[in-house]
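Encoded as structure tokens, the structure appears first; notes follow it.
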Amino acid sequence: MSKLGKFFKAGGSSKSRATPSPQEALARLRETEEMLGKKQEYLENRIQRELTLARKHGTQNKRAALQALKRKKRFEKQLTQIDGTLSTIEFQREALENSHTNTEVLRNMGFAAKAMKAVHENMDLNKIDNLMQEITEQQDIAQEISEAFSQRVGFGDDFDEDELMAELEELEQEELNKKMTNIRLPNVPSSSRPAQPERLSAMPSSAHRSRAASSRRTEEDEDIKHLAAWAS
């Protein structure tokens, strides 16, 4: 068995060691990440320093330059190992955080389930069904009341439309008759011929009589137009 296996076996066989909480384990992992981050910074500075020494010696002191390059290689190897270790620790920390979150979620869901069970113990499904039926009935009654209020109430609206139209026509005819009565008809000229004057020179000429007759016809036509306008 390897020394590493003996170490974990010895650590696991210890009954006095208490199981750490997720918070403690996460705190330890963060401390380890911080320590390895400082180690990375140190190795990067050493790599730059050895590279500077190798350039400084160059061809003048090949042995010192080669030793500086060897040290740089060792530091780079350590830096690569630390990068892999940090990746593993980061993965473990994320897995532990997720496990802790899932545990808390499961615990809270268990509390909620117990609370729901305690609430439902005081509920009777039959009472709930009866209550919902009563609510539905009351809603139907309220709807019927609203519809009854919204209907138009008519008192004495049962009239015969034909009788009303006949009465309206009579009123319009009476109004038309009143207008016809108020129209002044034109004076009708007398059919008797006027007396002949004693003097021949005083007799009107035929042209004058024609103009007078035309004027009377024009006045009669105007009176007829006025009469037709009043009648309409």
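What to note about this one:
- Hits in the range 31-46 - residues which are touching a helix residue (DSSP H, G or I) at 6+ places or on another chain (Cβ under 8 Å) and open to solvent by 60 Å² or more (accessible area, probe 1.4 Å): Lys39, Glu44
- Any hit, the range 103-126, residues being loosely packed, with under 10 Cβ neighbours inside 10 Å, at positive phi and outside any helix (DSSP H, G or I): no
- Selection within the range 47-65 - part of a helix (DSSP H, G or I), open to solvent by less than 100 Å² (accessible area, probe 1.4 Å) and not hydroxyl-bearing (Ser, Thr, Tyr): Ile47, Glu50, Leu51, Leu53, Ala54, His57, Ala64, Ala65
- Options Arg74, Arg93; residue that is out of contact with any Phe, Trp or Tyr (no Cβ under 9 Å at 6 or more places or on another chain), open to solvent by 90 Å² or more (accessible area, probe 1.4 Å) and not hydrophobic (A, V, I, L, M, F, W, C): Arg74
The values are calculated or read from the model by the stated rules, or taken from the named source; none is laboratory data. A quick note: this is a predicted structure, and the numbers were derived from the prediction, not measured. Here Cβ is always computed from backbone atoms with ideal geometry, including for glycine, and neighbour counts include all displayed protein chains. Just the protein is used for accessible areas: all its heavy atoms, side chains included, with ligands, DNA and RNA removed. Shrake-Rupley method; radii C 1.70, N 1.55, O 1.52, S 1.80 Å.
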